[in-house]
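Down below is the structure, laid out as structure tokens.
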Amino acid sequence: MNGDVAMLSWCDLTGLVRCRSVLQDQLSAAGRYGVGWPSAGQAILPFGTVADNPWGPLDEVRQVPVGANAMLAARDGWPMFNMVLTRSIDRDGRPWDCCPRSFCEAALGALRQETGWTMLSAFEFEFTRLGEPEVSARPVYTLDAFRTSAKFFDAAVFALREAGLDPQTVEPEFGAGQLEIACGPAAGMAGPDRAVMIREVLREVARRQDVRITFAPKPAPNEVGNGQHVHFSFIDAAGKPVLYDRDSPALISPLASSFVAGIMRHMSAICAIAAPAPVSYLRLGPHHWSCGYGSFGLQNREAAIRVCPPASRDETDRARAINLEFRPPDGLCNPYLLIGMLAYAGLSGIRDKLPLPPMVDRDPADLSDEERRSLSIAPLPASLLEALDALANDTEARSWMPPLLHDAFQSVKRSEIAAVQDKSPEELCAIYRNIY
Ligand code: GLU
Ligand code: MG
């Protein structure tokens with residue numbers, strides 16, 4: 001088709017994917033030089049206004065394809081969908097300090113250099129179908145609920161496969177009209193690249209079917225929250241899984257234990273990245289399986305970090321299947337910033353040889369303050385403002401980000417808070433479910 005375009009795309013600080021498009025036949029030139037984008041574009045809020053930023057009208061970066069894309073053929077009157085991932089380079093051709101993808105690449109590179117490990121990651125996408133009483137009325141987790149969304153699931157699986165994004169499970173979730181799709185693990189940058197593309201492919205599937213979906217962390221104050229948990233594990237340079245240790249109470253190796261302890265140490269700062277909007281804090285909290293405390297446990301869905309033990313008895317299978325799940329993230333997060341922060345936090349735990357954190361085998365909310373203290377369990381931030389302050393005051397976590405990236409993130413997010421500070425929870429949910 002003549003009008004075929006490639007959408008040169010990037011996930012920005014708000015977790016939205018912005019794009020500039022070129023005609024398909026211009027793609028090889030764009031591949032070399034990228035497309036220009038005003039640096040101040042990195043300060044655009046989800047609402048279209050622009051946060052204070054150091055660039056104003058003056059500077060520009062180039063968005064250069066990284067060699068990963070999600071392509072869906074033209075079908076049913078819809079033109080081709082070709083989402084071409086890019087990273088930002090500055091005037092000197094170097095990775096731009098404010099590029100989330102480059103931040104992640106540096107973090108995974110540091111992890112590889114110091115441990116020899118490659119991080120594998122796989123995301124679970126929870127989202128809600130909106131405005132369809134017949135969908136939301138089905139009893140949760142039933143075959144009936146599944147079949148009510150069977151056309152959407154079928155199109156989603158087809159599209160995710162077509163785009164090479166490895167869908168693995170599709171199911172109705174606990175909330176009214178809530179669905180979940182999970183994809184397989186991918187190594188290194190392919191993990192967050194996939195996460196960015198999957199959200200957009202699912203939005204495209206919904207668009208093509210005239211279905212409305214939202215990844216908003218809370219579609220309404222009293223509805224079940226949507227998380228975007230990330231599972232991760234590691235392989236060594238030879239491709240051998242290195243997380244498992246059959247003799248550890250947590251089933252993970254000493255080095256992986258230090259990695260977990262590093263994340264625990266920087267939990268509040270990481271929440272600013274994982275749960276990055278004011279509305280995110282309507283989701284986080286005890287007794288919702290979204291987690292309300294910075295805690296760690298084996299197969300504990302109220303823990304912020306859960307060891308997901310393998311089902312198999314075969315030791316080789318067990319080593320391959322075991323993984324860690326980080327539960328605070330929601331679908332508004334930037335997957336590059338998230339994976340980058342987890343990698344740096346884990347690496348800091350390894351450098352400091354931190355011991356395995358205490359394991360919690362109950363809902364941490366059911367423990368007394370005293371018990372929680374003795375298990376080093378701290379509440380997660382209660383608001384985005386608290387999380388941003390935690391990031392600003394955590395000198396180590398802050399140092400992982402180039403100052404330009406940290407300051408731009410703080411500015412965008414604080415402006416976002418200011419823009420919605422007078423909204424009721426109902427209004428807040430409505431605003432975010434319409435955007436995300
Ligand atoms: N919907 C829950 C959340 O907000 C997660 C439920 C689950 O364990 O899948 O994170
Ligand atoms: Mg779920």
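Things worth noting here:
- Residues of the stretch 53-75 classified as under 25 Å from the mean Cα position of the chain (by Cα) and exposed (fewer than 14 other Cβ atoms within 10 Å of the Cβ), total: 1
- Filtered residues of the stretch 210-234 (kept if over 21 Å from Glu325 (Cα atoms), away from ligand 2 (no atom under 16 Å from the Cβ) and touching a residue at least 60 places away in the same chain (Cβ under 8 Å)): Val211, Arg212, Ala220, Pro221
- Ala163 being open to solvent by 10 Å² or more (accessible area, probe 1.4 Å) and either in contact (Cβ under 8 Å) with a residue 24 or more places away in the chain or closer than 23 Å to Asn69 by Cβ (or both): yes
- Residue under evaluation Asp245, criteria (1) more than 26 Å from Ile198 (Cβ to Cβ); (2) within 16 Å of ligand 2 (Cβ to nearest atom); (3) free of Cβ contacts under 8 Å to residues at least 24 places away in the same chain; (4) not β-branched (Val, Ile, Thr), criterion not met: (2)
- Gly175 vs. criteria of a type outside the set (A, V, I, L, M, F, W, C), within 14 Å of ligand 1 (Cβ to nearest atom) and in contact with a helix residue (DSSP H, G or I) (Cβ under 9 Å, 6 or more places away or on another chain): yes
- Any chance Leu143 is away from ligand 1 (no atom under 16 Å from the Cβ) and either in contact with a Ser or Thr (Cβ under 6 Å, 6 or more places away or on another chain) or modelled with pLDDT of 95 or more (or both): no
- Residue within the stretch 216-229 that is charged (D, E, K, R) and at positive phi present: no
- Restricting the search to strands (runs of 3 or more DSSP E) fully inside the stretch 178-260 and requiring at least 3 residues that are surrounded by fewer than 19 Cβ atoms within 10 Å (Cβ to Cβ) gives an empty result.
- Leu298 being within 16 Å of ligand 2 (Cβ to nearest atom) and out of contact with any Phe, Trp or Tyr (no Cβ under 9 Å at 6 or more places or on another chain): no
- Candidates Phe174, Phe259 - the one that is within 19 Å of the chain's Cα centre (by Cα) and of a type in the set (Phe, Trp, Tyr): Phe259
- Annotation: of all residues in the stretch 84-131 being within 16 Å of Arg194 (Cα to Cα) and within 16 Å of ligand 2 (Cβ to nearest atom), the one that is surrounded by the most Cβ atoms within 10 Å (Cβ to Cβ) is Phe123.
- Failed condition for Gly188, given (1) in contact (Cβ under 8 Å) with a residue 60 or more places away in the chain; (2) in contact with a Lys or Arg (Cβ under 7 Å, 6 or more places away or on another chain); (3) at positive phi; (4) not aliphatic (A, V, I, L, M): (2)
- Residue check for Gly109: modelled with pLDDT under 95 and either under 21 Å from the mean Cα position of the chain (by Cα) or closer than 25 Å to Asp210 by Cβ (or both): no
- Meets criteria (within 14 Å of ligand 1 (Cβ to nearest atom), in a loop (DSSP other than H, G, I, E, B) and not small (Gly, Ala, Ser)) for Cys271: no
- Boolean, Asp154 is more than 18 Å from the chain's Cα centre (by Cα), away from ligand 1 (no atom under 16 Å from the Cβ) and open to solvent by 70 Å² or more (accessible area, probe 1.4 Å): yes
- Qualifying residue in the stretch 276-289 (condition: assigned to a helix (DSSP H, G or I) and either open to solvent by less than 20 Å² (accessible area, probe 1.4 Å) or on the phi > 0 side of the Ramachandran plot (or both)): yes
- Taken over the stretch 378-397, the criterion of being out of contact with any Leu (no Cβ under 7 Å at 6 or more places or on another chain) and of a type outside the set (Gly, Ala, Ser) is satisfied by Pro379, Pro381, Leu384, Leu385, Glu386, Leu388, Asp389, Leu391, Asn393, Asp394, Thr395, Glu396.
The values are calculated or read from the model by the stated rules, or taken from the named source; none is laboratory data. This structure is a prediction, so every number in the text was calculated from the model and none was measured. FYI the Cβ positions are ideal-geometry reconstructions off the backbone, even for glycines, and counts take in every protein chain you see. Accessible surface is based on the protein model in full, side chains and every heavy atom, while ligands, DNA and RNA are left aside. Shrake-Rupley method; radii C 1.70, N 1.55, O 1.52, S 1.80 Å.
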